[in-house]
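Chemist: Below you will find the structure I want to go over with you.
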Amino acid sequence: MLQRVQPRVENPRYGQLIIGPPGSGKTTYCNEAYKFYKELGRQVGVVNLDPGNDNMSYQPVVNVMELITVEDCMEHLQLGPNGALMHCAEYLEQHFEDWLLPALRKLSATHNYFLFDCPGQVELYTHHNAMARVFERLEQERYNLVTVNLIDSHYCSEPAKFIATLLMALNAMMRMSLPHVNVLSKADLLRKHESKLHFNVDYYTDVLDLKYLLEKLDDDPTMRKYQKLNEAICSMVEDYALVSFKLLDAFSTDSMLRLRNHIDKANGYVYKAGEEQTVNSLLACAVGAETEAMRQQRDIEPYTKQQ
């Protein structure tokens, strides 16, 4: 069946949707990524979509707190923190056309790459639809988006938490229906806590045979009664075979470069004439042509070997 070819966008716009649980380093990443991409020569800006973000270390080009804040919702609507955040997400969706979209359009002459700092309540991406609909509208406006899901790497040290992380990541991937890069943040701390890991780091990044992780859960008496539930979750994650992780130290240029390659491949920036223009560079990023030994040396060892 013939399909209509979409017209080429002359001035394409790109975006990273930075999501993840509270404390996973979203705002820190946005700040460091802004400086990093600025040095690469990209026309980058940070958009704060978190109405409860009082500790921004960057200057946003668009700030949802000028539209609505969690504190105001709690005070005037008598809502708790979670309810207020959900109300803010719904309010942002309702005012996409008359507030967010005009604000972004004003930046079209000076910015074409955006880092969207999103709220940290995971239910907004796993059980609620407001943020997903906001992202869908951005796609309709021809933003080439990728979801960057930041998860604290310390969850690797506890099997139960890591399984919960896998379920959350898979749920978000299925519901968001966008290119997706899962990231274990604060990876520089893995070197200090490597002794607490039951397996090598690549076991967690590649999400290898999860039956070994289930065996570790059986060692915990409090988890034995959930054995069948955990087995079902692991089986589902393995059946979909979608979840894997990249390691990130946001303060390391090499680490940011490696993550940039994955993100550029996911949102299509690699195919744009940018800072990488040679055929070899494009192929290396697009195809991921490297040996397993090279991957280990560049992706894993910097976070595990003692300096």
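The values are calculated or read from the model by the stated rules, or taken from the named source; none is laboratory data. Given the structure is predicted, the values throughout are model-derived calculations rather than measurements. Counting neighbours? That spans all protein chains shown, and the Cβs are built from the backbone with ideal geometry, glycine included. These area figures cover heavy atoms from the full protein model, side chains too; ligands, DNA and RNA do not enter into them. Shrake-Rupley method; radii C 1.70, N 1.55, O 1.52, S 1.80 Å.
Chemist: Which GluC sites (Glu not before Pro) in the range 109-214 sit in a loop by DSSP (not H, G, I, E or B) and have at most 15 other Cβ atoms within 10 Å of their own Cβ?
Modeler: 141
Chemist: Residue separation times 0.36 nm, minus the C-alpha to C-alpha distance between residue 226 and residue 94: what's the value?
Modeler: So the chain would gain 43.5 nm between residue 226 and residue 94.
Chemist: Next up: Could you derive backbone 3J(HN,Hα) for the range 12-26 from the dihedral phi with the Karplus parameters 6.51, -1.76 and 1.60 (θ = phi - 60°), listing whole Hz in sequence and x where the residue is Gly or Pro?
Modeler: Per-residue couplings from phi come out as x, 10, 10, x, 10, 9, 8, 10, x, x, x, x, 7, x, 5 Hz.
Chemist: Are there trypsin sites (Lys or Arg not before Pro) in the range 136-179 that DSSP puts in a loop and that have at most 15 other Cβ atoms within 10 Å, and which ones? Working shown, then result.
Modeler: Numbers: sites: 137, 142, 161, 175; in loops: 142.
Qualifying residues, ordered by number: 142.
Chemist: What's the whole-number percent of alpha carbon pairs in the range 90-211 lying beyond 22 angstrom?
Modeler: Across the range 90-211, Cα pairs with separations above 22 Å total 46 percent.
Chemist: Moving to a separate point now. Can you give the accessible area per residue of the chain, in Å², using a 1.4 Å probe?
Modeler: Accessible area per residue: 52 Å².
Chemist: Also, quick follow-up: Kindly provide the helix-only [θ] at 222 nm of the chain, computed as the sum of -39,500 (n - 2.57) over DSSP H runs of four or more divided by all residues, to the nearest 500 deg cm²/dmol?
Modeler: Using -39500 (n - 2.57) per qualifying helix, the result is -12500 deg cm²/dmol.
Chemist: On to the next question. Just how much of residue 110 is accessible, in Å², when a 1.4 Å probe is used and the result is rounded to the nearest 10?
Modeler: Solvent-accessible area, nearest 10 Å²: 80 Å².
Chemist: Rounded to the nearest 20 Debye, what is the dipole magnitude of the range 70-196 about its Cα centre when Lys and Arg each give +1 and Asp and Glu each give -1 at the C-beta?
Modeler: Its charge dipole is roughly 540 debye.
Chemist: Let me ask something else about it. The list [x] -0.46, -0.93; [y] -0.38, -1.01; [z] -0.31, -0.88 gives values of log10 I(q)/I(0) by the Debye sum over Cα atoms at q = 0.08, 0.13 Å⁻¹, and only one came from this structure; which label was calculated from it?
Modeler: [y]
Chemist: Given a 1.4 angstrom probe, I'd like the percentage of the accessible area of the range 116-199 that is carbon and sulfur, rounded to a whole number.
Modeler: In the range 116-199, the share of accessible area belonging to carbon and sulfur is 50 percent.
Chemist: Which pairs in the list 161/216; 161/211; 186/246; 26/272 are over 20 Å apart, alpha-carbon to alpha-carbon?
Modeler: Correct reply: 26/272.
Chemist: Separate question: Give the separation of the Cα centroids, the range 54-88 to the range 177-253, in Å.
Modeler: Each part reduced to its Cα centre gives a spacing of 32 Å.
Chemist: Which of the lysines could a cross-linker bridge to residue 192, judged by Cα under 16 Å and excluding same-chain residues fewer than eight apart?
Modeler: Straight-distance partners of residue 192: 305.
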